[in-house]
Every structure is written in C-alpha cells, then in structure tokens.
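One structure is given below, encoded as structure tokens.
The values are calculated or read from the model by the stated rules, or taken from the named source; none is laboratory data. As the structure is a prediction and not an experimental result, all values here were calculated from the model. No Cβ is skipped: glycine too gets one built from the backbone with ideal geometry, and neighbour counts run over all protein chains shown. Surface areas here come from the heavy atoms of the whole protein model, side chains and all, with no ligands, DNA or RNA. Shrake-Rupley method; radii C 1.70, N 1.55, O 1.52, S 1.80 Å.
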Amino acid sequence: SPAGRRIEYATTCAGCGAGCGISASVRDGRPVKLEGLPSHPVSRGGLCAAGQAGLLGLYDSHRVLQPRVRGQPASWPVVAAGVGEALRQAASRGGAVRLLTGTVEAASPTLRATIGRFLARHPGSRHGGRDALSASAVAGAHRPAAGERGLPRFRSDRAEVVVSFDADFLGTWISPVEFTAMRSLARPRLHVQFESRMSLTGAKADRRVVVAPGEL
C-alpha cells in the first residue's frame, strides 16, 4: 500500500476471553489504533481499557523478542526443527501428542481450523486450553443449574435486581464490554455489590457492601 496510507482490519481482541470484535488501524504495516467493531454482536462498537491497552504490548521494549529453548534464546528455525523431530519420534513410537494453548475463542475460526489440521495429522492427539485468569470455576458451577458445563450469557438488562459477589463485571469479569452495554440500555433497577476491594463495578453500584475476603 502507498506509504502513510491507513488500512482498517476487522479482527478479534485478545485482551481477555470475551473475544470482542475490534477494528485495527494499520499504517505502514504497523497497528496504531484499536477501536470496537460496531457490527459485532458482543462489543457493539465498544472496547474496554484492557483492549485499548493491548496495542502497547506490540511496542513493549521489554517483551520476549524470540523463542527460548530450556531458558536460552533460540531462533525460530531451530525451534521448528526441534519440534518437528519430537513429533516424528512420537509418531514412530505410537505416542500421543498434546497441544496446550490458551482458550481459543469461537470468534477465531482461522486459528481453530489451523489447530484442527494439526490434530488431524497426528492421530490420537488432543488439544487442551489453560488460562492464567480462568473462568473454569464459573463454567463448572453452571452445570447443576443448566445441565451442561459452559459460560452462561447473563442478561442483566432484563433483571430488576442485580446482586454481585466480588464479580467485577463492568471491569474485568467474563465480558465487561457486553455487560456495560446492557447496563446502559437497561431499565431502572437496583444493583448491589458485595466485594472486598474497590472495583469499577462497585464504584458504579447503587449500594456497595464491603466484606472481608473470607466472608464472601
């Protein structure tokens, strides 16, 4: 593209597991600004602070700039050759392959398809996900109520009373952009927040009750 020309790309935010749609402004091959994607059903054009700050990681001078092998810097060709050899050895012994990643959002069909092709080349392989900030406990607790394990969609815009126990749903919990949009469009209602530290959600609550962590 001509030098200095700005190009917009529709993509998915990786600031958390909500998978909000974003529009990335790219100039001279470098992303320079992120905004919410108005047509996305979750974010509806909104983007939280974590999403806005996600761009800073690209230009962080202290970030990891290359792969490491046993703690030592290595090049991508060396890593690729080592992984390829390990996969060949596993296949020759009839061993299984386990692919561990962070949660892959449903809004990333390209990545999911790539993972699927990798697994298809290695019979018996499995893909698992792990997140530093996991919502696994929420998904597990939902099974007794709904009969299946998964993250529910909370329609707070239809509630007359919202009671939150230490869930910062307007700041960091599950899908804050979606919850913020529902809160702003909802009819008048009561929001009570029980928490042990000040959060963005507690600051916006009609009534905030401070409790010790062990009392929650």
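Brief remarks on what is shown
- Selection within the stretch 165-203 - of a type in the set (Lys, Arg) and within 20 Å of GLY15 (Cβ to Cβ): ARG183
- Scanning the stretch 30-42 for residues that are touching a residue at least 60 places away in the same chain (Cβ under 8 Å) and out of contact with any Asp or Glu (no Cβ under 7 Å at 6 or more places or on another chain) gives a single hit, GLY36.
- Those residues of the stretch 150-201 which are open to solvent by 70 Å² or more (accessible area, probe 1.4 Å) and part of a helix (DSSP H, G or I), in sequence order: ARG158, ARG183, SER184, LEU185, LEU200
- Residues in the stretch 15-36 that are open to solvent by 40 Å² or more (accessible area, probe 1.4 Å) and among the hydrophobic types (A, V, I, L, M, F, W, C) were compared, and the one that is farthest from SER134 (Cα to Cα) is VAL32.
- Residues in the stretch 119-144 that are surrounded by 11 or more Cβ atoms within 10 Å (Cβ to Cβ), within 10 Å of VAL97 (Cα to Cα) and not polar (S, T, N, Q): LEU119, HIS122, GLY124, ARG126, HIS127.
- Conditions (1) surrounded by fewer than 12 Cβ atoms within 10 Å (Cβ to Cβ); (2) at pLDDT 90 or above: number failed by ALA106: (2)
- Pick from the stretch 1-29, criterion in a loop (DSSP other than H, G, I, E, B), in contact (Cβ under 8 Å) with a residue 60 or more places away in the chain and not small (Gly, Ala, Ser), ranking: nearest to VAL177 (Cα to Cα): CYS20
- Residues being open to solvent by 50 Å² or more (accessible area, probe 1.4 Å) and either of a type in the set (A, V, I, L, M, F, W, C) or assigned to a strand (DSSP E or B) (or both) - total across the stretch 66-98: 13
- The set of residues in the stretch 45-65 that are part of a helix (DSSP H, G or I) and open to solvent by less than 60 Å² (accessible area, probe 1.4 Å) comprises ALA50, GLY51, ALA53, GLY54, LEU55, GLY57.
- Residue list for the stretch 43-93, filter: among the β-branched types (Val, Ile, Thr) and free of Cβ contacts under 8 Å to residues at least 12 places away in the same chain: VAL64, VAL78, VAL83
- Any hit, the stretch 103-126, residues being of a type in the set (S, T, N, Q) and in contact with a Pro (Cβ under 6 Å, 6 or more places away or on another chain): no
- Answer residue from the stretch 158-216, given it is over 24 Å from CYS20 (Cβ atoms) and of a type in the set (Phe, Trp, Tyr) and is modelled with the lowest pLDDT among those: PHE165
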